[in-house]
Amino acid sequence: MADRTRQTIVVDGLALAQGIRKQLAEEVGRYAAAGKRVPCLAVVLAGDDPASASYIMGKQRACSRIGMDAIERRLPASASEQDVLLVVEELNLNDAVDGILVQLPLPEGISANEIAAAIDPAKDVDALHPTTAGKLLLGTPTLAACTPLGIIEILDHYEIEIEAANAVVIGRSNIVGKPVSLMLQRRNATVTMCHSKTRNLREVCQQADILVAAVGVPRLVKADWIKAGAAVIDVGVSNIDGTLVGDVDTDGAMGIASIVTPHRRGVGPMTITMLLRNTLTAYRARTGE
Ligand code: GUN
């Protein structure tokens, strides 16, 4: 039986996000007060996936709440790769746009990698362009992926020791698994990356001081996978008959983990906050402000 004597903290990602957004709003407000152009994020949505539509609305709302501009480009589900590339090119050339985010997934037949490679790296707030991703790999990041940045902020805020920690990352996506592994490694964690072919996943996870689950397999991580005192970060969101479920059995983690992120108000608000921060970073680098 698991020892459930620990007081597990459920991460309040929303409160943490709001604190950072307040600071960002103050910084944006200083530019506005000085009569300067404010940072601007462009979001591109191809297709009519309702979840994606709701995500981009949330991103635009978050921008306007901190005084940033946001513009939107929508294309029909029938759009071709060339159609999306033309929109990206228009936004690359638009001097008033600081950040470009093309919402994923894209309609069938459109290569996410081709689109990412077309975005001006100076405006690459999703950090999926080969140059941006490569800079993180080489240890000289400019902009970095939003969800991994949010995860590091959470670990730091809750004073989780990253240096020398055993970190286990489940999932090797370009947007979460790979960049968060690199960020943890840069902070001197010993990182193990796991995926669908990993043997003895449960035993590997049992060694983790920091466990990041980002695979989209509902409640994959069970109570007996979690080391006592581990920091458990749940990135996965699956829709099971209308109910959102994470990659971690959160109830099972209670009393074992030191901290655990809930699948609502956990990592999600921090991802959007890091998108805002990346847009401000891109604005500063582009304008020299
Ligand atoms: N779809 C789900 N998450 C993301 C994200 O972080 N960036 C983009 N571009 N699309 C997404």
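Within the range 109-119, is even one residue of a type in the set (D, E, K, R), more than 10 Å from the ligand (Cβ to nearest atom) and over 19 Å from the mean Cα position of the chain (by Cα)? Among the residues of the range 109-119, at least one is of a type in the set (D, E, K, R), more than 10 Å from the ligand (Cβ to nearest atom) and over 19 Å from the mean Cα position of the chain (by Cα), which makes the answer yes.
Do we have any residue at all in the range 27-50 that's surrounded by 13 or more Cβ atoms within 10 Å (Cβ to Cβ), modelled with pLDDT under 95 and not polar (S, T, N, Q)? Yes - at least one qualifying residue is present in the range 27-50.
Among the residues making up the range 1-26, those that are over 22 Å from the mean Cα position of the chain (by Cα) and either of a type outside the set (A, V, I, L, M) or in a helix (DSSP H, G or I) (or both) are Asp3, Arg4, Thr5, Arg6, Gln7, Thr8, Glu26.
Close contacts from the range 28-39, counting a first residue that is under 17 Å from Arg286 (Cα atoms) and a second that is surrounded by 12 or more Cβ atoms within 10 Å (Cβ to Cβ) and of a type in the set (D, E, K, R), with Cβ to Cβ under 6 Å and a gap of 6+ residues or different chains, come to Val38/Asp69; Pro39/Asp98. When the range 179-212 is limited to residues that are within 19 Å of Met270 (Cα to Cα) and in contact (Cβ under 8 Å) with a residue 40 or more places away in the chain, the one that is nearest to the ligand (Cβ to nearest atom) turns out to be Pro179.
If you check Ile56, Ile71 for being within 16 Å of the ligand (Cβ to nearest atom), within 26 Å of Lys22 (Cβ to Cβ), in contact (Cβ under 8 Å) with a residue 40 or more places away in the chain and outside any loop (DSSP other than H, G, I, E, B), only one passes: Ile56. Beta carbons closer than 6 Å, at least 6 apart along the sequence or on distinct chains, pair a first residue in the range 75-102 that is loosely packed, with under 13 Cβ neighbours inside 10 Å with a second that is modelled with pLDDT under 95 for Ala77/Asp48. Under the condition of being surrounded by fewer than 19 Cβ atoms within 10 Å (Cβ to Cβ) and either of a type outside the set (Val, Ile, Thr) or over 20 Å from the mean Cα position of the chain (by Cα) (or both), the residues counted in the range 228-246 number 9.
Listed here are the residues, each with its yes/no results for (1) in a helix (DSSP H, G or I); (2) surrounded by fewer than 19 Cβ atoms within 10 Å (Cβ to Cβ); (3) within 16 Å of the ligand (Cβ to nearest atom).
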position	(1), (2), (3)
Cys63	yes, no, yes
Gly134	yes, yes, no
Ala144	no, no, yes
Pro148	yes, no, yes
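The values are calculated or read from the model by the stated rules, or taken from the named source; none is laboratory data. Note that the structure is predicted; figures quoted are calculated from it, not measured. Using ideal geometry, Cβ is built from the backbone for each residue, glycine included, and neighbour counts are taken over all protein chains shown.
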